[in-house]
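A short worksheet on the structure shown next.
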Amino acid sequence: MRRTKEEAEITRQQLLDTALRMFGEKGYEATRLADIAAESGVTRGAIYWHFKNKDDLVISMIKEKSEDIYQIVESELNQEGKASDKIVNIFKRVAKKMLEDKSFHAFGLLSNYYYTQPEIFDQLLKFHENRQCYFSELLKTLIEKAQKQNEINRDFSPHDIMMMMMCLIEGIINLAQEKKMGFSVDDLNVDNLASIFQAALTP
């Protein structure tokens with residue numbers, strides 16, 4: 001029985017990975033569950049065993065990709081060291097993950113899509129609100145600690161610093177996705193960006 005569960009999870013993950021790639025290549029509307037099943041080498045029955053419909057698949061995909069980011073934040077918060085170093089490392093690791101993991105490029109475009117779909121948006125809203133609220137509070141507490149220890153500038157509120165981190169990361173990804181003004185992911189050096197971010201926070 002354990003072997004069967006392991007195989008089922010492998011198949012489920014394969015379907016999610018294939019779906020994300022195909023959504024990136026063909027778009028959400030043009031990709032059918034039957035196409036995903038065929039590309040994954042499984043039957044249509046197999047894909048419906050794991051997911052009720054395409055929206056259910058998308059919801060599962062967005063939740064799991066979001067958890068990848070939340071786990072980075074959580075692991076860094078549990079590390080020893082200065083609070084300011086943790087803040088910079090969170091920025092660096094999340095930015096690198098979203099740039100180097102090509103699946104996140106398609107994931108970003110897909111996330112933009114679900115905002116226009118009420119049936120998907122409503123189901124994901126509570127998930128994101130709960131998780132983001134939890135991690136936002138942890139991050140703000142970390143920023144407050146760094147400020148109390150005079151590791152980062154006290155002129156800005158923890159909320160504003162946290163929002164700046166989010167805007168920087170999302171801005172980098174959006175530029176990479178849309179290739180605005182000839183922008184290329186290859187032009188980015190996340191370590192340099194993290195150093196600039198750190199310098200801006202230094203008192």
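Could you tell me which residue of region 13-33 is surrounded by the most Cβ atoms within 10 Å (Cβ to Cβ), considering only residues that are at pLDDT 90 or above and over 19 Å from the mean Cα position of the chain (by Cα)? By that ranking, first place goes to L33. Each residue in region 85-123 was checked for being modelled with pLDDT of 75 or more and farther than 18 Å from M166 by Cα, and 0 pass.
Listed conditions (1) surrounded by 17 or more Cβ atoms within 10 Å (Cβ to Cβ); (2) over 30 Å from K92 (Cα atoms) are all met by K65, apart from (2).
The residues of region 75-90 that are loosely packed, with under 14 Cβ neighbours inside 10 Å and either within 21 Å of the chain's Cα centre (by Cα) or in the same structural domain as K5 (by TED's automatic domain parsing) (or both), listed by number, are S75, N78, Q79.
Provide a single number: the residues in region 27-55 that are assigned to a loop (DSSP other than H, G, I, E, B) and among the aromatic types (F, W, Y). Walk me through it before giving the result.
Of region 27-55, the ones assigned to a loop (DSSP other than H, G, I, E, B) are 27-32, 41-43, 51-53.
Restricting the remaining residues to those that are among the aromatic types (F, W, Y) gives 28, 51.
Counting residues in region 27-55 that are assigned to a loop (DSSP other than H, G, I, E, B) and among the aromatic types (F, W, Y) gives 2.
The values are calculated or read from the model by the stated rules, or taken from the named source; none is laboratory data. Since the model is a prediction, treat every value here as computed from it, not as a measurement. In this analysis, Cβ positions are derived from the backbone assuming ideal geometry, glycine residues included, and neighbour counts consider all displayed protein chains.
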